[in-house]
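Student: Before I ask anything, let me first share the structure, which is written out below as structure tokens.
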Amino acid sequence: MISRLIGSLSGEINVVIPMQLEGEAEILAYGVDFRLESALKRSETGAARVSTISCRTTIQFINIEIYNGGITGIALNLFKQGISEQIRSLIQALICKKVTQFINEDFNEKLLQTQTKTSLLNAVRINTFGALVGLPNGQELIETFRAFNIGISYPFFEEVISRTSTNFRLSEDPSCYEDTVEISNIGEVSVTATETKRTPFSAAPMSWPNKPVNDAMIHLLISDYIANALLYHAFSEHLLQFVVDDKTISSLGPLLRTSCTTGVCFADVIPQISEQYPNSKVQLIFTPTRAPVVLFQEKLGGVLMINVNGLVFLYIKADNETSRQAATFALDIVANVHLHIENNTLLGKTSMDSFQLEKKYGDIDISDDELSDIALLSSEMLQRSINNFLSTGFPIPIPKVLRMNITELQILDRNVFISAKFDLDRRRSTVEYIKCKRNHVQVSPSNSSKQKSVDNRLISSVHESDEVCTIGVPELLIRATIASYGRPHFRTYISSRLRLEYVYRKSLEEKQRSINKKRQAVKKYIDEDKPLPTHLRKHAIKLQQDAEWGGEISPIDDEYRYAGAVDPKVVLTTSREPSAKLKIFLKEMRLMFPNAQRINRGHYDIKKLMQACKANDITDFILLHETRGNPDGMIVCHLPFGPTAYFTLANVVMRHDVPDCGTMSEEYPHLIFDGLNSPLGRRLTTILKHLFPVPKIDSRRIITFSNTQDFISFRHHTYSKDEHGEIVLKEIGPRFEMRPYLIKMGTIDNADAEKAEWALRSYTNSARKRPPMLSLPIDDE
């Protein structure tokens, strides 16, 4: 390496007579080799500390030239070889001395001043992450939290969080590898009162994953200890008591009423409450019985498991604001959250594995069936609200001067692994404003007149036909020139994708327009009884059938257009006052459909059930009927806009009546539809197949819908291989025959007002020579 130094000389040299030292000196150092070996350690306070192990500087040759130095300069140039050797050894020692002094004194002093312990109050007040992403400030967050709490004043809350602190001390000496530094942080949460209350548990052992992303610049391994420690101390300080009423959540005001004439309220869920406490308000208070638990688990591709236990107190508030405790319920929630990162935004989806309510006290007579229905509706509402929040995404707080790309988010057992790449956005960190005008230059104000002249010289050199962007920064001018043949590269990747999508859609329209022309041509030649042209004969039959059925089907009329995007959510119920056999059949049918829930009918009206299902994003609603204790009817309604299919059931055989019945599998089933190739059969196939989610390829569960003489036989099997490798089917039930008799365009709650898409008429039922309705002859397929 070659180093060059230029400086001014001033002073006096006493050689026999005093001589003035002046002029300029140029020092050229050739072959500069600087080697520093240091170690990163943990200091006594827990902060990082850098110690110097060795330092060596080698300079092969130095050349010194003195300009405008007068007689002194001439004399020094005559003896520059000896002077250069003296200066070479001096500079070699001076470089290592200054670097070592900077590390041991200045740099380590700054590291010792690094904050190793901070209170939550300071973090809330500063709220750096929130300021970066535009979140509410700390005061607003505290007020929002206190709005749901009961009996907590602001001074008490501020005093508690000021006593809660997080320890950032290093737990061990950092480990240095090739191009990698590994730093371990304690992250202990404690509360200081008369004595320090520490967290009674520690972090689980952590280990790096086997194959992290190699080109990432930073790897983070975060334990679930921090979240659990904060929740533990919040529970011990009684900060997790929440109230839900019309004041805390105004949108739930109509629901939290014991009586209502329109809409949905508590009386629809608990009918007895309207009889005992009419025209009153409902207040719910939640108190945890133990600290909530958050666990990172590697199963199912990585989930965040949350467990909450507590008591829910139900109070009735009269118009005079007097309240009375009506009931107490024990609540146990187990939820799984799937998280992923997309474009530096945290997204996720929540699924409720368990939502159990148990009555502990109260004068309201609530049956177990009603309590299970309340738990179902509450879990769906809670899951929907959480998913709505996670679907919009939570932006990860990143400083604006950094461009970060999180390349990997991997949830392991008891910790989460994050890899990221980032670089410094110099333009954002230095530029204050940008003004671009074509054929026009605007000079930014500068604090220095000298800088103005430099800026003007730079701008005057630009061609008149160029486009100039001046960036105003004090004592700095960044100039971007775009030649007249070039265009600003402001078109983003998104606009390119939109253009490709537009071209693709236009090509589809052109293709569909060509097909429609062929259909009309075939129809015209057939109506005029003329021979078909040669290029239309190959697909003439299909084109004629499409023309008869109306040709192209608008996607707006296709109710199942987006059915494959998400898994279906099915709700099953029965007619009023079901028999024991129908209840058993309902439970067996619920096991048939993955992600299905059953609701005990009770005194619920169909319209209210449909409103609740639509509000909770239920995709399909199934209603089972019976006659004299035998199931004989089934209605399948697709939500939110229909259609609704009506079936009669016959020869219903329960699972326990099936010989050698196998165990019920929880795999998503493969579906077989046999003999349903007519337009009506394909319509029924669409209605039935979208009751089931898309299965995995290795699923061993099979459900068959086989048509024979317009009766659809339903069979449920699992298959396996015996010792000889042969496929063995095992029926697991139930089995029955179903026959469609009506398809309505809308939903079941508006069946009387909706148009019938298809109906089984009396003359079609008695016609002797009518062809099968659900299948076509083999020659016509």
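Student: What is the spin-label model distance, in nm, from Thr328 to Leu760 if the labels are put 7 Å beyond Cα along the C-beta direction?
Tutor: 5.6 nm
Student: Tell me, what HN-Hα J-couplings in whole Hz come from the Karplus equation 6.51 cos²θ - 1.76 cosθ + 1.60 at θ = phi - 60° for each residue of region 34-40, using x for Gly and Pro?
Tutor: 10, 10, 10, 10, 9, 10, 9
Student: Once a ≥ b ≥ c are taken as the square roots of the eigenvalues of the Cα gyration tensor of region 570-780, is the result rounded (a/c under 1.5), prolate (a/b larger than b/c) or oblate (a/b not larger than b/c)?
Tutor: Working: a/c = 1.57, a/b = 1.14, b/c = 1.38.
Here region 570-780 falls in the oblate category.
Student: Calculate the spin-label point distance for Tyr30 paired with Glu275, positioning each point 7 Å from the Cα along the beta-carbon direction, and give it in nanometres.
Tutor: Once both label points are built, they end up 10.7 nm from each other.
Student: Of the cross-linked pairs Lys587/Lys696; Lys506/Lys755; Lys583/Lys696; Lys281/Lys583; Lys581/Lys696, which ones have a Cα-Cα span greater than 26 Å in the structure shown?
Tutor: Numbers: Lys587/Lys696 24 Å; Lys506/Lys755 34 Å; Lys583/Lys696 31 Å; Lys281/Lys583 35 Å; Lys581/Lys696 33 Å.
Those over the limit are Lys506/Lys755; Lys583/Lys696; Lys281/Lys583; Lys581/Lys696.
Student: Okay, moving on. In the neighborhood of His716, defined by Cβ-to-Cβ distances under 9 Å, what is the net charge if each Lys or Arg adds +1 and each Asp or Glu adds -1? Walk me through the intermediate numbers first.
Tutor: Working: positive: Arg655, Arg701, Arg715, Arg735; negative: Glu731.
Counting the neighbours of His716, the net charge comes to +3.
Student: Something else about it: Take the Cβ-Cβ distance between Ser51 and Arg198 as r, set R0 to 35 Å, and report the resulting FRET efficiency rounded to the nearest 0.05.
Tutor: 0.65
Student: Calculate, in nm to one decimal, what Ser351 and Leu40 gain on full extension: separation in residues at 0.36 nm each, minus their alpha carbon distance.
Tutor: Stretched out fully, the Ser351 to Leu40 stretch lengthens by 107.5 nm.
Student: Grab the beta carbon distance between Ile541 and Asn595, set R0 = 41 Å, and tell me the FRET efficiency rounded to 0.05. Don't skip to the answer; put the middle values down first.
Tutor: Values: r = 41 Å, r/R0 = 1.00.
That pair, Ile541 with Asn595, gives E of 0.50.
Student: Next question. Taking the simple approach of a point 7 Å from Cα along Cα-to-Cβ for both Lys730 and Leu532, what is their distance in nm?
Tutor: 5.2 nm
Student: Could you tell me the calculated FRET efficiency between Glu321 and Gln611, based on Cβ-Cβ distance and R0 = 25 angstrom, to the nearest 0.05? Please list the in-between numbers first.
Tutor: On the way: r = 31 Å, r/R0 = 1.23.
For Glu321 and Gln611, the calculated efficiency is 0.20.
Student: Taking a ≥ b ≥ c as the square roots of the eigenvalues of the Cα gyration tensor of region 198-269, is the shape rounded (a/c under 1.5), prolate (a/b larger than b/c) or oblate?
Tutor: Values: a/c = 4.41, a/b = 2.21, b/c = 2.00.
Prolate is the answer for region 198-269, as a/c is 1.5 or above and a/b outweighs b/c.
Every read-out reported here was derived from the displayed coordinates using simple, explicitly stated rules and does not represent laboratory data. Note that the structure is predicted; figures quoted are calculated from it, not measured. So basically every Cβ, Gly included, is an ideal-geometry build from the backbone, and we count neighbours across all protein chains shown.
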